[in-house]
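Accompanying notes for the structure given below.
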Amino acid sequence: MGGLGEKTLSVADVIQSRRTIFNFKLEKPEREEIEEVLAFGIWAPNHRLTEPWRFTIIGEGKKRVLAERYREIQVEKVVEYADEQQQINVGQKGYDKFMSKPVIVAVSYVKSGNDFEQREDYAATCCAIQNIQLVAWSRGIGMQWSTGPITREVETNTLLGISHEEEIIGFLYTGYPAEIPKARRKLFSELFRVTD
């Protein structure tokens, strides 16, 4: 379990070194390892122990269907000013981009209780996602947490067999990093204050 290959990383090292990964190697992590990483999500803080999080690994057949929808979404963005060939090119680029993600996991939460309780459960599931990303990173696996339009469409829930009582918080594009972006953060001192 040696963070990105060489040495064991401390929790602080993992938090500071983790990056969102946009480009992945072709090799896929094993399903068992993905499941092991996802299992760390259930240890996130969760008021009232509602355990609202749900995790769905998207199979190749469903991935292709979603990639076709992603193609459509990309074309819809340019249809007003792009000619037919440009639309085809943009659509193909979108399809290829979606299919280039080695593993895709949909993370959702069960919407129950009043608005405040749902907000808490949404936040708890976001904490679960952070747990998952950090453990994945410690094992050399990178992720991109995507909240694009495709994650918010009713048809996506239906396709994936996700109950309409659940809301998808995002897709975790998952795999081995082909490149790791540089860090971009403001100084903590610019974001910190103390009150009387």
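The numbers here are math on the coordinates, done by the rules we state, and not lab data. Quick caveat, the model's predicted, so the values are computed rather than measured. Because the Cβ atoms are built from the backbone with ideal geometry, glycine has one as well, and the counts that use them run over all protein chains shown.
What to note about this one:
- Amide H to amide H distances under 5 Å link Phe24 with Ala178, where only residues 5 or more positions off or on other chains count and H is placed in the peptide plane.
- Taking a sphere under 14 Å around the Cβ of Phe24 and counting the other residues whose Cβ falls inside, with K and R at +1 and D and E at -1, yields a net charge of +3.
- When the pairs Lys25/Lys182; Lys63/Lys182; Lys63/Lys186; Lys97/Lys186; Lys93/Lys186 are compared against a 26 Å limit on Cα-Cα distance, Lys63/Lys182; Lys63/Lys186; Lys97/Lys186; Lys93/Lys186 fall above it.
- Residues with amide H under 5 Å from that of Ile169, placed H, sequence gap 5 or more: Val107, Ser108, Tyr109
- Evaluated with a Cβ-only charge set (Lys, Arg +1; Asp, Glu -1), the chain carries a dipole of roughly 640 debye about its Cα centre, given to the nearest 20.
- Neighbour net charge for Asp121 - beta-carbon separation under 14 angstrom, K R +1, D E -1: -3
- Neighbour-count order for Glu190, Glu72, fewest beta carbons within 10 angstrom listed first: Glu190, Glu72
- Exposure proxy ranking, count of Cβ atoms within 10 Å, fewest first, for Lys101, Lys28: Lys28, Lys101
- Which of Val103, Asn46, Ile169, positive extreme of dipole for the chain (C-beta unit charges): Val103
- Leading residue at positive end of dipole, the chain (Cβ point charges), from Trp145, Leu159, Ala124: Trp145
- By the Stokes-Einstein formula, at 0.692 mPa s and 37 °C, the stretch 102-187 with its Kirkwood radius over alpha-carbon pairs has D equal to 229 µm²/s.
- Computed over the stretch 37-76, the P(r) tail beyond 14 angstrom holds 63 percent of alpha carbon pairs.
- Kyte-Doolittle at least -0.5, axis length at least 18 Å by Cα - qualifying DSSP helices, the chain: 115-138
- Loop sites in the stretch 82-183: trypsin sites (Lys or Arg not before Pro), DSSP, at most 12 other Cβ within 10 Å: Lys182
- Tail fraction, Cα-Cα pairs, the chain, threshold 27 Å, whole percent: 38
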